[in-house]
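Here the structure comes first, spelled out in C-alpha cells, and everything after it is commentary.
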Amino acid sequence: MGPRGIITIDGPAGAGKSTVARLLAATLGYLYLDSGALYRLVGWQAAERNLDLGDTAALSAFLEGLQPEVAADAQGFHLFLDGQEVSQVLREPSVSREASRVAVLPPVRDWVTARLRHLAANGGMVAEGRDLGTVVFPQAEVKFYLDASLETRAARRRQDWQNDDAPPSPEKVAMELADRDRRDATRAAAPMRVPADALVIDTTNLNPQEVVRQCLARIREVLPETAGLEMKTG
Ligand code: C5P
C-alpha cells in the first residue's frame, strides 16, 4: 500500500489550488477532494429551491434531504444528484456567490465537514478549500496555503467566462473576488486563515509545475515514503 497521508491546500479563489491539488494527487496516487464543490452544491440548490436561509428549521430539513453521490479520484471530484452529474453547473461563475453566501452558516459548514471527513476516512488525499488545514483536517501531515495578487487571481478566474460572448471586465471580476475573499476571511464560522503549520506559497509569478515542485519538496521531507515519486503532469 502506498503512503496514506492527508495533504491540505487552502487559499483564496484563483490562487491555483485546484490545478496544484490535482497534479499532486496524480503524482502521489491520492484522491482529490474539492470542498468548494460541496459549498457550491449547497448554494446552488438553496437558490434553486428559494430557500429562506434565515429559517433554521427549513435549512436543516433541506440539508438532511440533500444526499449527493461523490465520485473522487486523482483527476476529479464529481458530484451527482439523483443520478445526474452536476459538477459542470457548479463551476458556473454565478454559483460562486451563492456558495459563499451559504458558507457563513454553521449548519452548512457542519454538513460539508462531515462529508469531507467521511471521504478521508482512509487517508491518501489532497483536499483543497478555505478551512481544510485549520478546521476540517487540523491533523493533516502536510499543509499548504497558496496566494497570489488580486490582479493575477482575477485574470485566472476570468478564463471561466471564456465561452461567453460578453465576459465581465477584469475590474469587475477583481471586485467580485475581493468581495468574496472579504466574506470568506471575516465570517465568524471557520474563516479563511493561514494554518499555523502551513507552507505559504505566492503563486503570482509561478506556473503550476513550479508550485507542485515546491509542494513535493515539502511532502518528501514529511512523508519519506514519497521520496521516489516523480511529478505527473496530467
Ligand atoms: O473554491 P471555490 O471557489 O469552489 O469555493 C466557493 C466558495 O465556497 C468560497 O468562496 C467559500 O465561500 C466557500 N468555501 C468555504 N470553505 C471551503 C471551501 C469553499 O467556505 N473549505
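So how much accessible area does THR113 have, in Å² to the nearest 10, using a 1.4 Å probe?
Estimated to the nearest 10 Å², THR113 gives 20 Å².
Would you list, by chain and number, the aspartates and glutamates whose Cα falls below 13 Å from the Cα of LYS172, excluding same-chain residues fewer than 8 positions away?
Partners found: GLU151.
Can you put ARG109, ARG183 in order of accessible area, largest first, using a 1.4 Å probe?
Final ranking, largest accessible area leading: ARG183, ARG109.
Calculate the dipole size of the stretch 83-147 relative to its Cα centre from +1 charges on Lys and Arg beta carbons and -1 charges on Asp and Glu beta carbons; express the result in debye to the nearest 20.
So the magnitude is around 140 debye.
Only loop residues by DSSP count here, and only those with at most 12 other Cβ atoms within 10 Å; note down the trypsin sites (Lys or Arg not before Pro) in the stretch 115-176 that meet that.
In loop regions of the stretch 115-176 (DSSP not H, G, I, E or B), there are no sparsely surrounded trypsin sites (Lys or Arg not before Pro).
For LYS143, give me every one of the lysines with a C-alpha distance below 17 angstrom, ignoring sequence neighbours fewer than eight places off in its own chain.
The reachable lysines, counting only those whose Cα sits under 17 Å from LYS143, are LYS17.
Can you pull out the trypsin sites (Lys or Arg not before Pro) in the stretch 3-80 whose DSSP state is coil and whose Cβ has at most 12 other Cβ atoms within 10 Å?
ARG49
Under a 5 Å amide H to amide H cut-off, with H placed in plane at 1.01 Å, what residues pair with ILE9 once short-range neighbours are removed?
Long-range HN contacts for ILE9: ALA127, GLU128, GLY129, PHE144.
Under the classification rounded if a/c is under 1.5, otherwise prolate if a/b is larger than b/c and oblate if not, where does the stretch 159-234 fall, given a ≥ b ≥ c as square roots of the Cα gyration tensor eigenvalues?
Here the stretch 159-234 falls in the oblate category.
Hey, can you find the accessible area per residue of the chain for me, probe 1.4 Å, expressed in square angstrom?
48 Å²
Pop out the carbon and sulfur fraction of the accessible area of the stretch 6-226 as a percent, whole number, probe 1.4 Å.
Carbon and sulfur together cover 48 percent of it.
Would you compute, from DSSP H runs of 4+ residues alone, the mean residue ellipticity of the chain at 222 nm, taking -39500 (n - 2.57) per run and dividing by the full residue count, rounded to the nearest 500?
Computed mean residue ellipticity for the chain: -14000 deg cm²/dmol.
The values are calculated or read from the model by the stated rules, or taken from the named source; none is laboratory data. Owing to the predicted nature of the structure, the values given are computational and were not obtained by experimental measurement. Counting neighbours? That spans all protein chains shown, and the Cβs are built from the backbone with ideal geometry, glycine included. Accessible surface areas use protein heavy atoms only, side chains included; no ligands, DNA or RNA. Shrake-Rupley method; radii C 1.70, N 1.55, O 1.52, S 1.80 Å.
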